[in-house]
Amino acid sequence: MREIKLLLFFTLPLLAFFGLLSGPLAEAGVKEALSRYLSIGPGEEDFAARVIMAYHIAAVVVMAGTLYLAAKYVDHEPNTGRIAVNLATAGWLIAVPSGLAFAYFGRSPLAHGLWLVGLSLMFAAGLVFLYSISPWRLSWRERTLERATAFTVGATLLIAVIMGAIYAAHLGFDKNVKIYILEEHSTREYRGLAPASTPLQLLISGHAHAAVALWAAAVMFIGMKWARMDNWRPKLYKTALALTAIGALITLIGSAAVAVVRPIAHQIIFGGIGPLHLALFFLWLRLGGMLKGGGWRDPVKLGLFLVPIWTVVFVTSTGPMLASQIKTVRLVWPLEDEIAYNVAHWHMLAFIIASAMFLLYLSEFAGRIRQISGFLLAIGGTIALAGAFIYELSPLFAHKAGVQLAPASAALKKSVLPVIDAGLALSFAAFALFVLWLFVKTVRKA
């Protein structure tokens, strides 16, 4: 699909730009040098605004990529689906440059207006594609459960987006609606260091949780289609579909409930995450079966097999681990470490889902580029996530009797950073080499 190529061509320099402003390059003085030419204010609110815009620019890119993959693997009405793809392409082509310009190259009202136009087109694309997979455009007499699951996951993801839009619509109209980094605010609030969140602030928390979790559910469903689970174990496939639909719906309900019944909202969310993980386990069994007979030599199959392992071992396992001793965490852990955990948790999950999307697209190609890029990502991703796992849980690993926790945790974090950087460098090299190869190939054909 030519739209995916275009998206990749834009994404590579975008990642390179953000790489200059974070990590080793930023610490080496690159960010300071660029700050003379960029709109990088020193204030806390300005920093939070840039972070939020960077998150949402990334979200625009991955949502467009998810829709493109869905258009390839999910049954839909072709004509309506083509309209959705065109709307998404127009949306991110407007949103990404204007959002980047507004965040880093001056606070132009025109740039912000174009950003909103781009987001609106992206949302319209989602609505149109949801319509293209609905019973109004497709007959559900065959593959009813599969199509119902696709529709449910798509609808819940769009509703999660609306939750964020509701909060954003109150900016400038409600004094309690402010720009802040969610992970830091919620951590301070739980420790009594910040005012209690309002229902609107809790709604944005639900939006963030639901959007990432349901994006993962959507990519998992696409992965089921890619792996042809229906040809492997039809009954198991139907069970996985039902679990995915139920899990997505309950996760959305729980995330929305945060704003009204916060004390029990997490229990509801866990009731949704459980079925999604069980569906992921069934998909993992299928991916494991694809490694037999030499399939492990294919880095795409190997990488996709690792994705569920990455998810469970490095990300979701830590939730119950910390929840079971949350009082100890808030009593003993330094504040900065708890904030770091919350931030790392979501970044790691986003990295895993984006990696799965890249591998799904890489599966369309053969030869050396598939081998090189695939193995670089499989190896680099494992190294980066293992390092991040130690980083986010550094107080647990550094905790020893008679040792001050804060300096010991900080020292461990510092020592593991080179491991994370090395893994991310390999992962970025996998993506960069593939995109550059694809670009050269496209230019030669032209």
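The values are calculated or read from the model by the stated rules, or taken from the named source; none is laboratory data. Quick caveat, the model's predicted, so the values are computed rather than measured. Reconstructed Cβ throughout: ideal geometry from the backbone, glycine too, with neighbour counts over all protein chains shown. To get the accessible areas, we keep the full protein, side chains included, count just its heavy atoms, and leave off ligands, DNA and RNA. Shrake-Rupley method; radii C 1.70, N 1.55, O 1.52, S 1.80 Å.
Brief remarks follow.
- Of the helices (runs of 4 or more DSSP H) lying entirely inside segment 299-339, the ones with 3 or more residues being closer than 20 Å to ALA398 by Cα are found at 318-323, 326-332.
- Which listed residue, of TRP284, TRP226, TRP310, is open to solvent by 70 Å² or more (accessible area, probe 1.4 Å) and either within 19 Å of LEU359 (Cβ to Cβ) or not assigned by the TED database to the domain that holds VAL153 (or both): TRP284
- Count of residues meeting criterion [under 23 Å from LEU93 (Cβ atoms), open to solvent by less than 40 Å² (accessible area, probe 1.4 Å) and over 19 Å from the mean Cα position of the chain (by Cα)] in segment 18-48: 3
- Those residues of segment 67-125 which are open to solvent by 30 Å² or more (accessible area, probe 1.4 Å), assigned to a loop (DSSP other than H, G, I, E, B) and not aromatic (Phe, Trp, Tyr), in sequence order: ASP75, HIS76, ARG107, SER108
- Assessment of segment 333-352 against the conditions (more than 30 Å from VAL403 (Cβ to Cβ) and open to solvent by 30 Å² or more (accessible area, probe 1.4 Å)) yields at least one matching residue.
- Of the residues in segment 6-15, at least one is out of contact with any Gly (no Cβ under 6 Å at 6 or more places or on another chain) and free of Cβ contacts under 8 Å to residues at least 60 places away in the same chain.
- Positions within segment 393-443 being charged (D, E, K, R) and under 30 Å from PHE9 (Cβ atoms), in sequence order: ASP421, LYS441
- Screening THR198 against (1) assigned by the TED database to the domain that holds ILE222; (2) more than 22 Å from VAL261 (Cα to Cα) leaves a single unmet condition, (2).
- Qualifying residue in segment 49-64 (condition: buried (at least 17 other Cβ atoms within 10 Å of the Cβ) and more than 22 Å from ALA168 (Cα to Cα)): no
- Enumerated helices (runs of 4 or more DSSP H) restricted to segment 1-45, each holding at least 3 residues that are under 15 Å from ALA432 (Cα atoms): 2-20
Condition check ((1) over 23 Å from VAL62 (Cβ atoms); (2) modelled with pLDDT under 90; (3) of a type in the set (Asp, Glu); (4) under 20 Å from the mean Cα position of the chain (by Cα)) across all residues:
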| position | (1), (2), (3), (4) |
| --- | --- |
| GLY319 | no, yes, no, yes |
| SER324 | yes, yes, no, no |
| LEU331 | yes, yes, no, no |
| PRO334 | yes, no, no, no |
| ASP337 | yes, no, yes, no |
| ILE353 | no, no, no, yes |
| LEU359 | no, no, no, yes |
